[in-house]
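The values are calculated or read from the model by the stated rules, or taken from the named source; none is laboratory data. All values derive from a computational prediction rather than experimental measurement. Note that we place each Cβ from the backbone using ideal geometry, even for glycine, and neighbour counts take in every protein chain shown.
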Amino acid sequence: MDQTNKYTHTSYLENEGRFKGILSWLLSTDHKRIGLLYMNTIIVFFLVAAVLGLLMRIEKMAPGADIMDAQTYNGVFTIHGIIMIFIIVIPGLAAVFGNFFLPIMIGAKDVAFPKLNLLSWYIYVIGAIMGVLSQFVGGGAPDTGWTFYVPYSAESATNVLFALTAAFILGFSSILTGLNFIVTIHRMRAPGMGWFKMPLFPWSLYATAWIQVLATPIIGITLLLVIAERTLNIGFFDPALGGDPLLFQHLFWIYSHPAVYVMILPAMGVVTEIFPTFSQKPVFGYTAIAISSLAIALVGYFVWGHHMFTSGISYWSRWFFSFLTFIVAVPSAIKVFNWVSTMYGGSIDLKPPLLYAISFIFLFMIGGFTGLALGSLATNVHLHDTSFVVAHFHYIIFGGMGFAFFAGIHYWFPKMYGRMYNIKLANIAWGILFVGFNVLYFPLFIIGLQGMPRRYFDYLPQFETGHFVSSIGAFILFAGLILMLYNLVRSRRKGPWATANPWKGVTLEWQIESPPTHENFETIPEIKHPPYLFKKEND
Amino acid sequence: MEKPGHHILSYNSLLGVLVALLSLTALSVWITNFNFGTLSVGVALLVAAIKGATVLTYFMHLKFESRILKLMVGGVFLLFALVIIITFIDYLLR
Ligand code: HEM
Ligand SMILES: [Cu+2]
């Protein structure tokens, strides 16, 4: 790594704008600063929720009640899920790297509506605070699980109202961000950047943004209906009042399945940027990747029923949803082939971002294949609501989206902070994380197949070994997380200065200073080439 | 993309739209007198969709917008229609 001197330009980190000190962050409309606001909030919440996960694993290390009782466990997995899903992975990559890099990668100075962008963060924070409050006020921590299924969520004496409201508010932040990105991509691309000259991370954000705008209102209204049922006794879901509990599951998953793509599409976008850079080769099948993002977004709207196979929906609905679930695997597989082919024959540089990106493929594929097992009607009956499901979605969400986040942060860190982290330490942290992850979650597949139910705080003796191994994995994983974060946090201030383009990337963000200036570009670039043109070694 | 100019609807046509919306509201109330059985949700949604489309076309000036915007809004309508239809087909077949 070049030990160049401190940069001479005034970066966005120094440019405080109209306000000074902390206010220059809290009131900034600079997309890069807002991206960092999201990132820091998300990291704090992630640590809290990860500790909650660790506590659950400690509880399950041995049979019987060890450190908490059943009701506490119910509360812990509920808030763990709510934080991880609604506060971390749904905004996640789009809010952090989307905010920071979307404008830069399409050659713009900011998003289309910078003030709206800041407002989205505030709405997000208010929602997050509501979620935290739900733990401490009223009838005790909510115990419904993050899915809020009726009839229980309409009856539970715990403080479900706060949690519902929190998720409702967080939804607005998501909608506004999506809206902002759609307009930004339509209106603010640099001259010459036609749709098919746009890098693929922006493409994935575009597909994501449409889901955010179109699906999120449905969950908002659904949660309002539960609130109305709880407070006003209007019968939407309660059969005694003339409602239908399955209607809730339909509405919930009409949002929440597409929401899975809100999480994973930007993750795919991030690794799609990483593979060409570290193979020094243009992305294989550019158009296929761009279009498959849209295809995933579109087909992903029509598979929600695969969460309801055992709930008593009609035979033909099950048939339909199972079929489409298999269809949606096709565009995902197309991407996997494209990533692998991008690396094939390239000059591969195995740096931390690429390590994370490759492990993303590995973990995502385990998650995807087990998803097909869950999507088949017959096997689903056996696997539904077992720890197999817990393993599956952790492989997808944590192994996929989480590892893509780690890949992204290691990739763009030198651009964001103008400094480099310790590569060796990052490699070690990656190894610990990867091992810990698999030791933690893989046993859950096995005991799930053997019948270990999900969301139980205790278990029968035959599941002891599996749970024990899994808990050991949790500790390893946690150690890896701490090491990774330590390396990054420390290097923000103390790392050696990085050059503007340490990885020899070719997309626009690597053509400007590190860290970028307030306006990103002195003059808006003219785009003449497709996005992934690498020079051959000696030309 | 062509720039759609400023269009000002005359008071009379705005008034016409308002009257149409109010009568459709009356219609959706009146229609509850009849029992359409399994189709009752569909009928209510149909009236609501006509109202929504009217608001979009005239009040929100979709009529004067570029084709791409019309396509986007149309696509969104189609998507929601499909989602609702699929959900309710499940009820019919159960
Ligand atoms: C620090 C690492 C983590 C550990 C140790 C952990 C552990 C757990 C455990 C033990 C459960 C309860 C399973 C059950 O009894 O049904 C759980 C549930 C869950 N986790 Fe994690 N987890 C971690 C990270 C994550 C991440 C990164 C995400 C999302 C991005 C996530 C999302 C969820 C969700 C959605 C549930 C389901 C909650 C529910 O059933 O309501 N977890 N996790
Ligand atoms: Cu799903």
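Odds and ends about this structure:
- Which listed residue is surrounded by fewer than 19 Cβ atoms within 10 Å (Cβ to Cβ) and among the β-branched types (Val, Ile, Thr), from A:Ile169, A:Ile185, A:Ile219, A:Ile234: A:Ile234
- In the set A:Ile274, A:Ile296, only one residue is modelled with pLDDT of 90 or more, more than 16 Å from ligand 1 (Cβ to nearest atom), surrounded by 24 or more Cβ atoms within 10 Å (Cβ to Cβ) and closer than 27 Å to A:Met84 by Cα; that residue is A:Ile274.
- Residue within the range A:271-292 that is more than 14 Å from chain B (Cβ to nearest Cβ), under 21 Å from the mean Cα position of the chain (by Cα) and within 16 Å of ligand 2 (Cβ to nearest atom) present: no
- Test: residue in the range B:10-22 that is aromatic (Phe, Trp, Tyr) and either away from every other protein chain (no Cβ under 14 Å) or not in a helix (DSSP H, G or I) (or both): yes
- For the range B:43-94, taking the residues that are touching a residue at least 60 places away in the same chain (Cβ under 8 Å) and in a helix (DSSP H, G or I), the one that is nearest to the other protein chains (Cβ to nearest Cβ) is identified as B:Ile68.
- For the residues A:Leu47, A:Leu27, the requirement of being within 14 Å of ligand 1 (Cβ to nearest atom), surrounded by fewer than 21 Cβ atoms within 10 Å (Cβ to Cβ) and of a type outside the set (S, T, N, Q) singles out A:Leu47.
- Residue selected from the range A:299-309 under the condition more than 10 Å from every other protein chain (Cβ to nearest Cβ) and more than 17 Å from A:Thr370 (Cβ to Cβ), by the criterion surrounded by the fewest Cβ atoms within 10 Å (Cβ to Cβ): A:Val299
- Close pairs from the range A:41-61: first more than 14 Å from chain B (Cβ to nearest Cβ) and small (Gly, Ala, Ser), partner assigned to a helix (DSSP H, G or I) and more than 7 Å from ligand 1 (Cβ to nearest atom), Cβ under 6 Å, at least 6 apart: A:Ala49/A:Ile83
- The condition of being in a loop (DSSP other than H, G, I, E, B) and surrounded by fewer than 24 Cβ atoms within 10 Å (Cβ to Cβ) does not hold for A:Phe196.
- Any hit, the range A:254-266, residues being at negative phi and either away from ligand 1 (no atom under 16 Å from the Cβ) or basic (Lys, Arg) (or both): yes
- Residue list for the range A:373-396, restricted to those being within 13 Å of ligand 2 (Cβ to nearest atom) and either within 14 Å of chain B (Cβ to nearest Cβ) or touching a helix residue (DSSP H, G or I) at 6+ places or on another chain (Cβ under 6 Å) (or both): A:Leu374, A:Gly375, A:Asn380, A:His384, A:His392, A:Ile396
- Subset of the range A:303-329 (residues that are in a helix (DSSP H, G or I), without any contact (Cβ under 8 Å) to a residue 40 or more places away in the chain and either away from ligand 2 (no atom under 16 Å from the Cβ) or of a type in the set (Gly, Ala, Ser) (or both)): A:Tyr315, A:Trp316, A:Ser317
- Selection count where residues are of a type in the set (Val, Ile, Thr) and surrounded by 21 or more Cβ atoms within 10 Å (Cβ to Cβ), scope the range A:62-75: 0
- Test: residue in the range A:61-76 that is at pLDDT 90 or above, touching a helix residue (DSSP H, G or I) at 6+ places or on another chain (Cβ under 6 Å), assigned to a helix (DSSP H, G or I) and among the hydrophobic types (A, V, I, L, M, F, W, C): yes
- Residue check for A:Phe302: aromatic (Phe, Trp, Tyr) and more than 25 Å from A:Trp412 (Cβ to Cβ): yes
- Which numbered condition A:Val435 fails, given (1) modelled with pLDDT of 95 or more; (2) within 13 Å of ligand 1 (Cβ to nearest atom): (2)
- From the list A:Trp253, A:Trp210, A:Trp203, the one residue that fits, being touching a helix residue (DSSP H, G or I) at 6+ places or on another chain (Cβ under 9 Å) and under 23 Å from A:Glu509 (Cα atoms), is A:Trp203.
- In the range A:234-258, the residues that are in a helix (DSSP H, G or I), among the small types (Gly, Ala, Ser) and within 14 Å of chain B (Cβ to nearest Cβ): A:Ser256
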